[in-house]
Amino acid sequence: MVSTTNLLIGFIFNLLVGVVIVRFIYFPAKQNKNYVFTFLAFNTAVFFVMSVLTSVEISVGVGFGLFGLFSLLRYRTETMPSREMTYLFVIIALPVLNSILIGNSEWLSLVLANTAVITTLFILEREWGFNFELSQTVTYERIELIRPENYDLLLADLRERTGLPVKRCEIRDINFLRDSAQIKIYYDDPNKTGIAFAWLAHKQAQIDKIQY
């Protein structure tokens, strides 16, 4: 059983790690407050549940049980995006790991493991060494430009109409009765190149479905 002192130290350490991940890694990138409560509440509750267990064997078993329970969760109001799902998995996994290491007084491993997770998330969120693309599906009416020989003209027209730095596109569906096509466009995140976040959100809302 974890002593009261270790329980208190572990709670403070685990909460600080959760706050660092949510406040200084997740939130600056997403600017989304909807999941902050969920992340920190899960992090705290799982830590205390795992801390009252009496053995590593039981802790590991219950930990996998929590992951199984998590897979059954359904958010009725909206579907949680894959990135938020990943953060929630990390937020659940960390208190399981922390409670086991604290129970065995493995403080060095505790610090190293949490530092490694925070560092990895920070690097991935800053996209160091990676080039992530954004995409949108638009309805396009200039049917003559979807021909393969007009690909460059198509990209130029999409850039002019959307105001986005379109790099490539895919023809998803063609409707000859309405002389239109569904096109998926790919572009680098304008927010990473200095364009304001509010402008990007407004522009994405405008091109959810373009009709001319």
- Item | Residue list for segment 16-27, restricted to those being surrounded by fewer than 17 Cβ atoms within 10 Å (Cβ to Cβ), modelled with pLDDT under 95 and among the hydrophobic types (A, V, I, L, M, F, W, C) | PHE24, PHE27
- Query: Can you tell me which residue in segment 163-195 is nearest to ASP152 (Cα to Cα), limited to those that are modelled with pLDDT of 90 or more and β-branched (Val, Ile, Thr)?
  - Reply: VAL166
- Message: Here is a check on your reading of the model: is LEU97 in a helix (DSSP H, G or I) and either touching a Ser or Thr at 6+ places or on another chain (Cβ under 7 Å) or surrounded by fewer than 18 Cβ atoms within 10 Å (Cβ to Cβ) (or both)?
- Response: no
- Note on the structure: ILE118 meets each of (1) outside the structural domain of ASN43 (by TED's automatic domain parsing); (2) within 30 Å of PRO28 (Cα to Cα); (3) surrounded by 14 or more Cβ atoms within 10 Å (Cβ to Cβ) with one exception, condition (1)
- Quick check: anything in segment 85-108 farther than 30 Å from SER3 by Cβ, in contact (Cβ under 8 Å) with a residue 12 or more places away in the chain and within 17 Å of the chain's Cα centre (by Cα)? yes
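The values are calculated or read from the model by the stated rules, or taken from the named source; none is laboratory data. Bear in mind that the values here come from a model prediction, so they are computed numbers and not experimental data. Glycine gets a Cβ as well: all are built from the backbone with ideal geometry, and neighbour counts include every protein chain shown.
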